[in-house]
Amino acid sequence: MAGGSLFFSLAVRNLQMHWLRSLLAAIGIIIGVMAISSMGILGNAFSLSITNSLSSVGDSIVVTPHVGYQGGMSSVSTSERLSDRQIELIRRAATNSKVFPIYAGGDRIKVQRDTLYASIYGIDPKDLPTLLEIQKGQYLRGASGVMIGAKLAKDNNLTIGSRILIGEIESGVRVVGILKERGMGFDINPDNAIVTSDLWYRDFYETRGHDQAIIKAADIKDIEQIKSSIEKQLNKRETEVDVYDTRMILNSITETFGQITLFTMAIGGISLIVAGVSIFNVMMMSVMERYKEIGILRSIGTKRAEVRSMFIYEALILGLSGSAVGGIFSFAAGYLVVAVLMKDVSYLYNPASLIQIPYGMAFGIVTSMLSGLYPAWKASSLNPIDALRHE
């Protein structure tokens, strides 16, 4: 124990003697740890944000008319919309789960003097409480009035009772309800949209058939069975519909963001590798400058392992100190990046985000240790006589 303390003290003494060189090496570790950790925090925060936004539709199955490709050109293989027959077959396949036929499109709208484009959904009023949550006003009753998304209302200063003109003929409708903000989804995206009754949509646009059907699974375990049943009912002879569940897309997005996070962390790791090269250089210079000291230690019976430990201690001290400071700065940098880019720092305090800091610190310590291995071996392998003769 006493021998270990002695060589640790010698390592500390050498770093103090060359404090500027040691400081610069430690700064490299600090920057590397910050780069890895902050990139990991940002990537995980984005992943959590997307996951939270889509989690509310994770139990949904979406059925749309099939669009095939022939000769490189897009072509609709069946009808452009879901027919009443297809909707009925979907209801049979869904058994106990609820099916919501949806009209979906977009049109020019006029708000006061501003003209803009908005998505428009036609939904049976009795289905609205299940699909959408209201923030102000009331749900649709019959074919009169419309509901609007929170973002559309906020961006255009629309309130309950506001009048909107829709389409070329500028048909006027009144806002009876404002929906609660929902975030991005793969079934419908109502935040910047107008929601009308299915009867109003069908009469106004003179359309037949629905654009999609949303199935809310009674049990998330039934999703695969429902999808399989729909495929058997509607895609027997030819592919009439495309069927996908939002859970599958959610998992795919999560995996993609995980890969992006690893990629950005790898880019940050380049700076840590550069720091490792700097530590390697510092350690090699330390060995060259201390040839005589090493020769004296070896001549009085110091073992090779003890000489190696002295230089490994130096690398460890640089790694621990640089990683500790880098970890502290990483939290501050992560807070700043998430606050600026996402406007919500709550994702920073998630354990999956905070764990990126010790990951970065561990990478910094390991890099420092690896950088010190060869110089330590080089020092312990010196011939005592040659080391004493060295000028």
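Observations on the model:
- Computed FRET value (nearest 0.05) for M288 with I267, which takes r as the C-beta separation and R₀ as 45 Å: 0.85
- Annotation: aspartates and glutamates with alpha-carbon distance below 18 angstrom to K221 (same-chain offsets under eight excluded): D59, E231, D245.
- Extension reserve of the I328-E181 stretch, reckoned as 0.36 nm per residue once the Cα distance is removed: 49.4 nm
- Percent RCO, i.e. relative contact order, over the range 60-245, from Cα pairs under 8 Å lying at least 6 residues apart: 35 percent
- Hull shadow area, averaged, the chain [alpha-carbon convex hull, nm²]: 29.4 nm²
- Over the residues of the chain, the helix contribution to mean residue ellipticity at 222 nm works out to -19000 deg cm²/dmol, using -39500 (n - 2.57) for each DSSP H run of at least 4.
- Percent accessible area from carbon and sulfur atoms, the chain, protein chains only, probe 1.4 Å: 58 percent
- Solvent-free Debye scattering, log10 I(q)/I(0), computed from the Cα coordinates of the range 60-245 at q = 0.11 Å⁻¹: -0.52
- Centre separation in Å (Cα based) which lies between the range 289-309 and the range 185-223: 79 Å
- Measuring against 30 Å, Cα to Cα, the residue pairs K110/K216; K98/K154; K180/K236; K98/K236; K151/K216 contain K110/K216; K98/K154; K180/K236 as the ones spanning a longer distance.
- Computed from the C-beta positions of V12 and E306, the FRET efficiency with R₀ = 25 Å rounds to 0.95.
- Helix 223-234 axis, angle to the chain major axis (alpha carbon atoms, nearest 10°): 40 degrees
- Partners of K292 within straight-line reach, counting aspartates and glutamates whose Cα lies under 13 Å from its Cα and excluding those fewer than 8 residues away in the same chain: D386, E391.
- Cα-centre dipole for the chain with unit charges at Cβ (Lys and Arg positive, Asp and Glu negative), debye to 20: 1000 debye
- Sequence of K180, K154 from largest to smallest accessible area, 1.4 Å probe: K154, K180
- Surface accessible to a 1.4 Å probe, S252 within the full protein complex, Å²: 60 Å²
- Nearest-0.05 FRET efficiency for L20 and I385, computed from C-beta distance (R0 35 Å): 0.60
- Gain upon complete extension [N96, S171; 0.36 nm per residue less C-alpha separation]: 23.1 nm
- Label point 7 Å beyond Cα of Q138 along Cβ direction - residues of the range 151-187 with amide nitrogen under 17 Å: 160-162, 174-179
- Which of I365, I385, I61 is most accessible, then next, and so on - probe 1.4 Å: I385, I365, I61
The values are calculated or read from the model by the stated rules, or taken from the named source; none is laboratory data. The structure displayed is predicted, hence computed values, not measured ones. A quick note on method: Cβ atoms are made from the backbone with ideal geometry, for glycine too, and the neighbour counts reach across all protein chains shown. Remember, those area values only see protein heavy atoms, side chains included, never the ligands or the DNA or RNA. Shrake-Rupley method; radii C 1.70, N 1.55, O 1.52, S 1.80 Å.
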